[in-house]
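Right, one structure below, let's go through it.
Read-outs: derived from the displayed coordinates by stated rules, not from any lab. In this text the structure is predicted, and so the values were computed from the model without any measurement. All Cβ positions, glycine included, derive from the backbone under ideal geometry; neighbour counts span all protein chains shown.
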Amino acid sequence: MDLKVNLVEERPVDRKEKLVYLDPQPLVVRPPEVRVCDFEEAVIGFTEDAVVVEAERCLQCPDPQGCVSSCPVHNNIPEILWMVAHGDYLGAAWKYRETSNLPEICGRVCPAPCMDGDVVGRRKAPINLEKIEQFVMDYAIDYYGHIPTPEPAPPTGFSVGIVGSGPAGLSAAEQLALKGHKVVVYERMPAAGGLLRYGIPNFKLDKRRVVDRKIHQLEELGIEFVYNITVGKDITVDELMERHDALFIGVGTWVEAPLKVPGVDLDGVYKTLDFLMRANVPLEDLPPDKRERPTVGKRVAIIGGGDSATDCARTAVRLGAEEVTIVYRRSAAEMPGSWHERERALEEGVKIEYLTAPVRFIGDENGHVKAMECVRMRLGEPDASGRRRPIPIEDSNFIMEVDNVVLAIGFWPDPLIGETTPDIKTHKWGLIVVDPETGQTSREGVFAGGDAVRGPDLVVDAMADGRKAAEHIHRYLMSKRVSMQIPAAASAFS
């Protein structure tokens, strides 16, 4: 194995200092001219030789370890990297599973906040913890044929309802099933996964290999999934509490933020989720009214600047658009989302118009969008988000010809559960208020987490919320058992 070492000074150095200078290892990424022809995953990941060298870059710092404390689920990253560096990939996979319910997914879509705490990053590029995680879990899946899963505890006799099957709901469901509780997941869509299935394109997250495998694993664990049911509309929280001993709400944020400009209702102007799910998800997993692929013309504009915008832009390229432009009202410095994803979008031919905002959409005689009027912006003082406020420049308007527009400007919470459950406290247009330490809502026995509590956030944060709430739901149920004087094998849950 050829270890790439770059020593900046020719002098004796100890192991820790030398390891800082190990070069970051390259990923295998499909060439842009190849990957734009399909919806298969763009990033293959590390080779085995490369992953070992990348893991060897770890300094094995003493406590407190910045990478561990920066990880929302506190993966034992130094121990995992030690195992990987010594070829123990299966041991590393089991170590991930001690603290994470979705490592095979986080290895693909997590921006890895743990890397912010990596001290190697002070001298060179931080260790690519995200793609090491992907390699380890792919190796385990290939070896076992499934994701490593602990044996569940004996049945407790308690039942828990989970509302929503996104990362928060799936994590809570798995943790509770492993504790021995009967778990039923209620999902508004025809298939499970929430954001993982319907919001993340297949070229970033393979639905069949990863998401479907996870759902099948949870079904084998005894978790029941009930589809095409909207809590707050088809059934209420009160009715669910008649069926279950506790409830976890992880409904995410599915309401798209509106863009209040003339012409936004023209044909050919898509909303983010409608565009992404219809383009990326197997038709049988979609609601009946969405089982038709979106069509795009030659010129497509994407309004927004986050990961959803780059996802939509890269999707439009794969649908055959020749000119795809992201229109963002601030500069590159303020642009949210992953710069890696932005870089891959640029490689695929996407253009970005910074400091630009639409002011109206213009339709043709058939009511289909044909152009949009835009205005140039300049940056003023920071706003409530901490980013500099975009200010229109007078007399800078211009016309951009387009055949389609995709609005990727963010998501709001769905107020439905709050509106139909008066004793659940909400704020900020529908976000559910919880005890930050336990996930408990204002309603006894009802817990919540993920984007329904935080607003749009990371998959790993939603997973962390689901795990935390599951632990406190378990404690809540065990306290009920004690108060009801029901015999149980309590030692199984100590």
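Cross-link pairs exceeding 29 Å in C-alpha to C-alpha distance, out of 179/214; 182/204; 131/207; 95/428; 290/468, comprise 182/204; 95/428; 290/468.
Treating the beta-carbon of each Lys and Arg as +1 and of each Asp and Glu as -1, no other charges, what is the dipole magnitude of the range 258-409 about its Cα centre, to the nearest 20 debye? Intermediate values should be presented prior to the final figure.
Details: 22 positive and 26 negative charges, 71 e Å.
Result for the range 258-409 is approximately 340 debye, rounded to the nearest 20.
Under 5 Å from the amide H of residue 371 lie the amide H atoms of 362, 402, each residue being 5 or more positions distant or on a separate chain, with H modelled from the backbone and absent for Pro and chain starts.
Over the chain, what relative contact order in percent results from Cα pairs under 8 Å that are six or more residues apart? It would help to have the intermediate numbers written out before the result.
Numbers: 1012 pairs, mean separation 73.1, N = 494.
Computed value for the chain: 15 percent relative contact order.
Which of the helices in the chain meet the span-like rule: DSSP H, Cα axial reach of 30 Å or more, Kyte-Doolittle mean at least 1.0? Span-like helices here: none at all. Modelled spin-label separation between residue 122 and residue 293, with each label point placed 7 Å from Cα along the Cα-to-Cβ direction: 5.1 nm.
Based on the mean of other beta carbon atoms within 10 Å per residue, what is the order of 121-131, 465-475, 258-268, most packed first? List each step's numbers first, then the result.
Values: 121-131: 18.4, 465-475: 24.0, 258-268: 14.6.
Ranking the peptides 121-131, 465-475, 258-268 by packing returns 465-475, 121-131, 258-268.
Find, among the GluC sites (Glu not before Pro) in the range 326-434, those assigned to loop by DSSP (not H, G, I, E, B) with at most 10 other beta-carbon atoms within 10 angstrom. Could the numbers behind the result be given before it?
Working: sites: 334, 341, 343, 347, 348, 353, 365, 373, 394, 401, 419; in loops: 348, 365, 394.
Loop-located and lightly packed - 365, 394.
At a Förster radius of 60 Å, what calculated FRET efficiency corresponds to the Cβ-Cβ distance of residue 239 and residue 23, to the nearest 0.05?
On the way: r = 59 Å, r/R0 = 0.98.
My answer for the efficiency is 0.55.
For the chain, what is the mean residue ellipticity at 222 nm derived from helices alone (per DSSP H run of n ≥ 4: -39500 (n - 2.57); sum divided by total residues; nearest 500 deg cm²/dmol)?
Value at 222 nm, helices only: -9500 deg cm²/dmol.
Quick check: residue separation of residue 331 and residue 38 times 0.36 nm, minus the Cα distance between them. What number comes out in nm? Before the final figure, lay out each step's value.
Numbers: separation 293, 0.36 × 293 = 105.48 nm, distance 3.06 nm.
Gain on stretching residue 331 to residue 38: 102.4 nm.
In this simple spin-label approximation, residue 398 and residue 322 carry label points 7 Å from Cα along the Cα→Cβ vector, and these lie 2.0 nm apart.
Please work out how much length the chain gains when fully extended from residue 391 to residue 224, using 0.36 nm per residue of separation minus the C-alpha to C-alpha distance, in nm with one decimal. Show your work: numbers first, answer last.
Details: separation 167, 0.36 × 167 = 60.12 nm, distance 5.09 nm.
Difference between extended and current length: 55.0 nm.
Each label was represented as a point 7 Å from its Cα along the Cα-to-Cβ direction; for residue 339 and residue 433 these points are 4.0 nm apart. Taking a Cβ cut-off of under 11 Å around residue 70, the surrounding Lys, Arg, Asp and Glu residues balance to a net charge of -2, with basic ones at +1 and acidic ones at -1.
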